[in-house]
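Chemist: Let me begin by handing over the structure; questions about it come next.
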Amino acid sequence: MNKQLYEISFWIKLNVDVEKEIEKIINLIQKNEGEIVYKDIPQKREMAYPINKEKLGYFYYIVFNAPKEKVEKIKKDLLFFKNILRYLVVKRKVLFPKEKV
């Protein structure tokens, strides 16, 4: 299978074990033939608008390689993660874009 580069970014509820939630998502990616390329540091932030009455949360993103078919399965499975407020999975062309001078 041909793997492509993807990024998943998500908001985690404030009152949960963030590391445990991140580990669950990493396990989900790896279970679906994904390969982690980059992990960010969780950042406590204020949201632009409340999500499920939450105004603060942890923002986090992961860059990974995976087959297209498996990414669809990852998206569907993320719906069952009750501590994830929002998530977005996008295809990336490069790992890190070049900085503009």
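The values are calculated or read from the model by the stated rules, or taken from the named source; none is laboratory data. What you see is a predicted model; the values in this text were computed from it and never measured. Backbone-built Cβ (ideal geometry, glycine too); neighbour counts: all protein chains shown. Only protein heavy atoms, including side chains, enter the accessible area calculation; ligands, DNA and RNA are left aside. Shrake-Rupley method; radii C 1.70, N 1.55, O 1.52, S 1.80 Å.
Chemist: From ASN32, ASN27, which residue is open to solvent by 40 Å² or more (accessible area, probe 1.4 Å) and of a type in the set (S, T, N, Q)?
Modeler: ASN27
Chemist: Here is a further query. Looking at region 15-24, which of its residues are open to solvent by 40 Å² or more (accessible area, probe 1.4 Å) and over 12 Å from the mean Cα position of the chain (by Cα)?
Modeler: ASN15, ASP17, GLU19, LYS20
Chemist: Same structure, new question: For residues in region 69-87 being loosely packed, with under 14 Cβ neighbours inside 10 Å and among the hydrophobic types (A, V, I, L, M, F, W, C), which is nearest to the chain's Cα centre (by Cα)?
Modeler: Checked region 69-87; the qualifying residue nearest to the chain's Cα centre (by Cα) is LEU79.
Chemist: A further question on this structure: Looking only at region 1-29, how many residues end up being under 17 Å from LYS68 (Cβ atoms) and either hydrophobic (A, V, I, L, M, F, W, C) or without any contact (Cβ under 8 Å) to a residue 24 or more places away in the chain (or both)?
Modeler: Number of matching residues: 5.
Let's see how each residue does on (1) surrounded by 12 or more Cβ atoms within 10 Å (Cβ to Cβ); (2) closer than 13 Å to ILE84 by Cβ:
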residue	(1), (2)
SER9	yes, yes
LYS13	yes, yes
GLN43	no, no
ALA48	no, no
LEU56	yes, no
PHE59	yes, yes
PRO67	yes, no
